[in-house]
Amino acid sequence: MITRNKGAEDVMPGESYIWQRVEQMAADIAGLYGFREIRFPTFEKTELFVRSVGETTDVVQKEMWTVKGRESSYTLRPEGTAGCMRAVLQNGLLNESLPQKLWYQISAFRHENVQKGRLWEFHQFGAEMVGAAAPSADAEVIAFARVLLDSLGLDDAKLHINSIGCPECRQAYYDKLREYFEPNKDKLCATCQSRLDKNPMRILDCKSAEDKAIAKDAPMITDYLCDECRAHFDELKALLDGMGIAYEVDQKIVRGLDYYTRTVFEFISDSIGAQSTILGGGRYDKLLGQMGGPETPALGFAMGMERVILAMKAAGFDFGEPSTCDLYIASMGDAEGHKAAILADALRKDGFRVETELCGRGFKAQMKYANKIRAKYLLVIGGSELETGKANIKNMKTGEQIPVDLEKDLAQAFMDTYVADRIDIECGDAE
């Protein structure tokens, strides 16, 4: 038997309704903030990620899935922002009214160490805002993320924010970082030794325990912010305070991708054991210019679906129950089965979830199957029902039998029965 690849997961029908629920909740909240869905390819030219994500990042150096095609090198997307911004540029969205607010749900691929909530193929909900430079845009995107996590039952996730400045004010910071790390250069991992000259801030994002220890007392970027970056960060904090959004300034946050500028943020939860980032993002005002477009302010975030669902389960979130069969039509023979198929087809066209017997089960086995699929109602068609055109719809919860005429508008009769029953249940609950 061929089994699935390491680093990938199957989502069975008993779990898929949970994914659908989370995805729909995220899409609904995105709509409240004016975000619209965008879809873009699973793979892009490798150059896109090298130029945007950054050649000194772990993602580009160690984690990308790349193949050599006949004409070029192609890479399965390791994240969503680069592909989304490529689509924005190529399809002329910058010529439309700004800001452009976009959301997406994607699978992405990174060759990382497989562990709980971290896979080679993983899934993200992402949101991007293009064309807004003001701190109020940062506050809106963070507020969107906060409301989203709260609605998913993850109000314990703590917001950490930082500013990593702009390319101009970062130069003085890079000089200080090189001065700090130089005495311990030989103790750094080989990757970080190469980063020291090109992008020393990447060392702060290294996963090596030894490098983390060396970087523990490294200078902080916030001490080197230019006046504009400092004012932007101060205004963002004031807006978050005004919105009642709690946060912690965490100067260790630099994010793992080179395109970030100024604001970076993460929501961190300990619901799944060790502290884990379940949503992260920031501003990337230089990215569109680096990709060949006009320099345009932009920012966004991505939420890891696997980690979020694990955290929701750990927090005891009530996902409800999956949708079940509205009506199961049992049949006693071939002619009856023929009638059941016709009735089921008509009811499905009216929006009801209906199932009939397809595997040749006997009557008792059909009753067991109806219970197993948790059918709400049961309609039995035997010889007498077929002859008279009269039958009963049985409420599987109460046992009540409602007579129906199979030759008339069964959909309307079932709808009346179904709605009336739902009203009775609701009234009963209210009492």
* Asked: Limited to segment 69-120, what total is found for residues that are over 20 Å from residue 281 (Cα atoms) and either part of a strand (DSSP E or B) or not aliphatic (A, V, I, L, M) (or both)?
  -> 19
* Selection count where residues are touching a helix residue (DSSP H, G or I) at 6+ places or on another chain (Cβ under 9 Å) and surrounded by fewer than 12 Cβ atoms within 10 Å (Cβ to Cβ), scope segment 361-385 -> 1
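Out of 165, 242, report the one residue that is surrounded by fewer than 18 Cβ atoms within 10 Å (Cβ to Cβ) and within 30 Å of the chain's Cα centre (by Cα).
Going through 165, 242 in turn, just one is surrounded by fewer than 18 Cβ atoms within 10 Å (Cβ to Cβ) and within 30 Å of the chain's Cα centre (by Cα): 242.
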* So which of 186, 155, 138 is among the acidic types (Asp, Glu) and touching a Lys or Arg at 6+ places or on another chain (Cβ under 7 Å)? -> 138
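Touching a residue at least 24 places away in the same chain (Cβ under 8 Å), surrounded by fewer than 21 Cβ atoms within 10 Å (Cβ to Cβ), within 23 Å of the chain's Cα centre (by Cα) and assigned by TED's automatic domain parsing to the domain that holds residue 270: which single residue out of 107, 136 fits that description?
Residue meeting the stated conditions: 107.
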* Check off (1) modelled with pLDDT under 95; (2) closer than 20 Å to residue 322 by Cβ; (3) among the hydrophobic types (A, V, I, L, M, F, W, C) for residue 411 and give me the number that stays unchecked. => (2)
* To do: Test each condition in (1) closer than 15 Å to residue 415 by Cα; (2) in a strand (DSSP E or B) for residue 355 and report the one that comes out false.
  => (1)
* Structure fact -> Requiring at least 2 residues that are modelled with pLDDT under 90 and under 28 Å from residue 85 (Cα atoms), the helices (runs of 4 or more DSSP H) wholly within segment 160-275 are 167-181, 190-198
* Could you tell me which of the residues 7, 69, 31, 14 is out of contact with any Gly (no Cβ under 6 Å at 6 or more places or on another chain) and modelled with pLDDT of 95 or more? => 31
* Subset of segment 322-337 that is modelled with pLDDT under 90 and in contact with a helix residue (DSSP H, G or I) (Cβ under 8 Å, 6 or more places away or on another chain) - its residue that is surrounded by the fewest Cβ atoms within 10 Å (Cβ to Cβ) -> 323
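A quick yes/no check of all residues on (1) touching a Ser or Thr at 6+ places or on another chain (Cβ under 8 Å); (2) under 30 Å from residue 36 (Cβ atoms):
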site	(1), (2)
64	yes, yes
67	yes, no
71	no, no
78	no, yes
82	yes, yes
85	yes, yes
90	no, yes
93	no, yes
97	no, yes
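The values are calculated or read from the model by the stated rules, or taken from the named source; none is laboratory data. Just so we're clear, the structure is a prediction, and the values are computed from it rather than from any experiment. We place every Cβ from the backbone using ideal geometry, glycine too, and count neighbours over all the protein chains shown.
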